[in-house]
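Okay, so here's the structure we're looking at.
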Amino acid sequence: MALSDLLGVFTGLLLTLFVFSYLLGDNALFRIAIHIFIGVVTAYLVVMICVSVIWPQVILPFFSGDPNQWVVIIVPLVMGLLLLTKAWRRFSGLGTPVAAFLVGVGAAVAVGGAVTGTIFPQSLATINLFDLRAIQAANQNVPWEVMNGGIVLVGVVSSLIYFHFGVRASSSGVVERAAWIEAIARLGQVFIAIAFGVTLAGVYSAALAALIERWQFIVNLIFSFLQP
């Protein structure tokens with residue numbers, strides 16, 4: 001094994017043990033490992049931004065000799081410089097319009113992505129579950145697939161109704177949702193809880209797989225040094 005490979009293996013072993021030390025409680029070794037991880041990720045992102053964004057899209061166009069590209073680059077460059085003023089309280093007002101613009105664009109992208117990437121595909125997928133021709137063409141059990149589609153439809157509708165917050169005052173003066181909306185919302189709450197439970201199980205499964213991989217790494221490393 002080359003010296004560089006040996007140093008990499010021992011570095012990985014030490015960082016793994018530092019992270020495992022958290023089982024004994026929060027300590028300096030665990031914080032060192034976390035700080036190294038954050039520093040490496042930050043440095044990697046900075047390098048990628050410089051290589052993939054700043055250099056090819058900001059610096060190189062100024063040396064291309066095309067005035068049209070200069071006009072396109074100057075506006076985002078000025079906005080970026082104004083955004084840096086948010087680091088100083090005295091000049092932070094200069095970067096407020098830029099920050100507001102970024103928040104607006106981000107919100108628009110998030111809403112558009114949610115509509116076109118989640119709501120519409122989810123609605124179409126729910127509708128397609130009742131496509132009898134497609135079910136028969138796939139040689140699937142029609143009653144079973146229709147029942148499965150019905151469960152999905154009930155889950156989607158009840159989950160959406162759970163987030164309906166329209167209320168009205170009852171005869172007793174209590175502000176509450178309509179009884180039928182509340183009943184369906186409770187059913188939707190069950191589907192949401194199941195979805196969160198499945199998501200949490202997936203997270204724990206991924207964490208467990210990572211833990212097993214790290215233990216296997218340590219065991220293989222120990223046996224590799226014990227072999228003659």
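The numbers here are math on the coordinates, done by the rules we state, and not lab data. Treat the numbers as computed from the prediction; the structure is a model and nothing was measured. Here the Cβ positions follow ideal geometry from the backbone for every residue, glycine too, while neighbour counts run over all protein chains shown.
Give me the dipole magnitude in Debye, nearest 20, for region 129-228 about the Cα centre, with unit charges on the beta carbon: positive for Lys and Arg, negative for Asp and Glu. Can you show the working numbers first?
Details: 5 positive and 5 negative charges, 28 e Å.
Taking the Cα centre of region 129-228 as origin, the dipole is about 140 debye.
For region 140-198, what percent of Cα pairs sit more than 15 Å apart?
Here the tail beyond 15 Å accounts for 58 percent of pairs.
How many angstrom lie between the Cα centre of region 124-163 and the Cα centre of region 31-56?
Cα centroid to Cα centroid, the span is 45 Å.
For a footprinting-style exposure proxy, rank T116, T16 by other Cβ within 10 Å, fewest first. Show your work: numbers first, answer last.
Details: T116 10, T16 17.
So the ranking, lowest neighbour count to highest, is T116, T16.
Among P143, I161, V203, whose Cα sits farthest toward the positive end of the charge dipole of region 129-228 (+1 at Cβ of Lys/Arg, -1 at Cβ of Asp/Glu, about the Cα centre)?
I161
May I ask you to evaluate 6.51 cos²θ - 1.76 cosθ + 1.60, the Karplus curve with θ = phi - 60°, for each residue of region 128-140 and list the ³J(HN,Hα) values in order in whole Hz, giving x for glycine and proline?
5, 5, 9, 7, 5, 5, 5, 5, 5, 5, 8, 6, 9
About its Cα centre, what dipole magnitude does region 1-157 give when the only charges are +1 on Lys and Arg Cβ and -1 on Asp and Glu Cβ, stated in debye to the nearest 20? Can you show the working numbers first?
Values: 5 positive and 5 negative charges, 110 e Å.
So the magnitude is around 520 debye.
Taking θ as phi - 60°, what are the ³J(HN,Hα) couplings along region 31-44 by the Karplus curve (6.51, -1.76, 1.60), each to the nearest whole Hz, with x for Gly and Pro?
5, 4, 4, 5, 5, 5, 4, 5, x, 5, 5, 5, 4, 4
Using label points projected 7 Å from each Cα along Cα→Cβ, tell me how many nm separate V154 and L6, to one decimal.
Spacing of the two 7 Å Cα→Cβ label points: 6.6 nm.
Between region 211-228 and region 178-205, what is the C-alpha centre distance in whole Å?
Between the Cα centres of region 211-228 and region 178-205 lies a distance of 42 Å.
Given axes a ≥ b ≥ c from the Cα gyration tensor, I'd like to know whether region 129-228 is rounded (a/c under 1.5), prolate (a/b larger than b/c) or oblate. Before the final figure, lay out each step's value.
On the way: a/c = 6.70, a/b = 1.73, b/c = 3.87.
Cα axes put region 129-228 in the oblate bin.
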